[in-house]
Amino acid sequence: MTGWFGFTPQPEYELKKKKMMLFDDTEIFSSGSGGRRIFDVPDADLLLIDNFFSKPESDHYYNVLYHGTQWREYEMPMYDKVVTAPRMISWYGDSSRPELKSNPRWPLELLQIRERVEDETRINFNAVLLNLYRDGTDGVGWHSDKTSSSNKNMNIASVTFGETRLFRLRHKTLKHIAPIEIPLHHGTFLLMAGSTNTFWEHQVPKTARAVLPRINLTFRQVKGA
């Protein structure tokens, strides 16, 4: 089985996908019911919209992205060694960036999603990082995004398809502010704008629960992308 542009998934990943295809994952994915929420916290512009994409739309985009994306593993530094990140990624930009393994040929579905995101935010994005969390053993630790932004403030628009996973944020210096915990559901949209990435860090913790895959898209304004 090949994805977009002739990509052949790794054998062990393809086996896992075949097991998951014994039933339709999307039947049990749940959409959020929280509506639109603006978080009133210092040094952040945070907007959450549940059901940003309808359940049928989210089901469609999940299936297309899960089975068609050029997912790849990548290495990252951790303390004094280099490890394989516990998730898979794919990167698209408006121009080719070899150091990011960026693909300038956006599939139709990514262009459709970007258009909806830009209509909502009135922000133009020129790149997107796709993350695949295959199960509960995949996650990402506390961090702030380091990608060089074309604007002073890094605006990151996030869209989730698939399993609901917890998204956490904490202020870097104001320790008296309670961390924020946001369940990101099937079809949910989250905008981290303004100085959010400067003053806050975020994570998607691993979980011992049996969970299905989650796909997360983070649209960015990348310098030179």
Quick check on segment 163-179. Is at least one of its residues open to solvent by 10 Å² or more (accessible area, probe 1.4 Å), aromatic (Phe, Trp, Tyr) and touching a residue at least 40 places away in the same chain (Cβ under 8 Å)?
no
(1) open to solvent by less than 30 Å² (accessible area, probe 1.4 Å); (2) within 22 Å of residue 210 (Cα to Cα) all hold for residue 137 apart from (1)
Among the residues of segment 66-79, is there at least one that is open to solvent by less than 30 Å² (accessible area, probe 1.4 Å), in a loop (DSSP other than H, G, I, E, B), out of contact with any helix residue (DSSP H, G or I) (no Cβ under 6 Å at 6 or more places or on another chain) and at pLDDT 75 or above?
yes
With open to solvent by 20 Å² or more (accessible area, probe 1.4 Å) and assigned to a strand (DSSP E or B) as the only criterion, which of 111, 129 stands out?
129
Considering only residues of segment 1-29 that are in a loop (DSSP other than H, G, I, E, B) and either open to solvent by 60 Å² or more (accessible area, probe 1.4 Å) or among the aliphatic types (A, V, I, L, M) (or both), which is modelled with the highest pLDDT?
24
If we ask which residues in segment 132-145 are assigned to a loop (DSSP other than H, G, I, E, B) and of a type in the set (Ser, Thr, Tyr), their number turns out to be 2
Failed criterion for residue 199 (all others in (1) over 25 Å from residue 106 (Cβ atoms); (2) in contact (Cβ under 8 Å) with a residue 40 or more places away in the chain; (3) out of contact with any Asp or Glu (no Cβ under 8 Å at 6 or more places or on another chain); (4) not basic (Lys, Arg) hold)
(3)
Could you go through segment 215-222 and let me know if any residue there is under 12 Å from the mean Cα position of the chain (by Cα) and either surrounded by fewer than 21 Cβ atoms within 10 Å (Cβ to Cβ) or of a type in the set (Gly, Ala, Ser) (or both).
yes
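The values are calculated or read from the model by the stated rules, or taken from the named source; none is laboratory data. Note that the structure is a prediction, hence the values are computed from the model and not measured. All Cβ positions, even for glycine, are placed from backbone atoms using ideal geometry, and neighbour counts span all protein chains on display. Heavy atoms of the whole protein, side chains included, go into the accessibility calculation; ligands, DNA and RNA do not. Shrake-Rupley method; radii C 1.70, N 1.55, O 1.52, S 1.80 Å.
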